[in-house]
């Protein structure tokens with residue numbers, strides 16, 4: 001019997017052949033998944049969760065992305081307005097501005113900050129009763145202005161308990177384009193959420209600093225990625241104060 005020519009053989013399009021054409025990324029996830037199964041089989045359940053958590057952290061899968069990236073690679077001025085700061089230099093506005101600046105300077109890539117003294121000098125010269133964020137940005141040569149408008153801030157919940165709350169509006173201005181490029185409202189930020197601190201346990205200045213520090217973290221996370229697990233521990237900061 002004559003051998004069948006090689007080019008006349010029929011091609012069997014079996015499911016195995018179809019799977020071989022899948023993207024490499026699927027193969028990669030399959031390898032990773034198999035690795036996790038093997039790893040989980042080698043450790044206890046708690047250890048397995050640790051392996052998964054570490055792997056997710058290594059590839060950035062546990063990071064929540066920033067809502068706004070308009071501050072990246074820009075010269076930014078941070079301006080905080082409170083109910084009192086439109087008339088005078090307000091301590092809450094000053095503390096919040098500094099803490100937000102500190103966080104953004106560490107977390108936002110390529111961003112440079114206009115010194116807060118430049119903003120203060122501009123307001124001293126042009127008056128405190130009327131603020132135009134575009135004019136401020138032009139006057140201090142900023143690319144962007146992050147305006148933080150803080151309203152109805154309260155530090156007490158009753159006569160004997162400290163629990164802070166405030167309404168917040170964030171506005172980012174593009175100075176060259178003379179327009180708003182981002183706006184977000186935080187209707188009522190509250191800290192602590194599930195507890196409070198008795199007035200006999202701390203002082204108002206100390207609690208104000210704590211509250212504004214937590215608020216600064218909440219504001220800053222709009223502009224940089226973060227680990228969601230960090231948000232769970234916010235109330236725990238109260239115990240360390």
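Considering only the range 200-231, how many residues are in contact (Cβ under 8 Å) with a residue 60 or more places away in the chain and in a loop (DSSP other than H, G, I, E, B)?
Final tally of qualifying residues: 6.
Taking only the range 122-134 into account, find how many residues are more than 14 Å from residue 76 (Cα to Cα) and within 29 Å of the chain's Cα centre (by Cα).
The total comes to 4.
Could you check, for the range 141-158, whether at least one of its residues is within 22 Å of residue 72 (Cα to Cα) and touching a helix residue (DSSP H, G or I) at 6+ places or on another chain (Cβ under 6 Å)?
Yes, the range 141-158 has at least one match.
When you scan the range 88-96, do you find a residue that is farther than 21 Å from residue 213 by Cα and modelled with pLDDT under 85, even just one?
Within the range 88-96, one or more residues are farther than 21 Å from residue 213 by Cα and modelled with pLDDT under 85.
The values are calculated or read from the model by the stated rules, or taken from the named source; none is laboratory data. All figures in this text were calculated on a predicted structure; none of them were measured in a lab. When we count neighbours, we look across all protein chains shown, and the Cβ atoms used for this are built from the backbone with ideal geometry, even at glycine.
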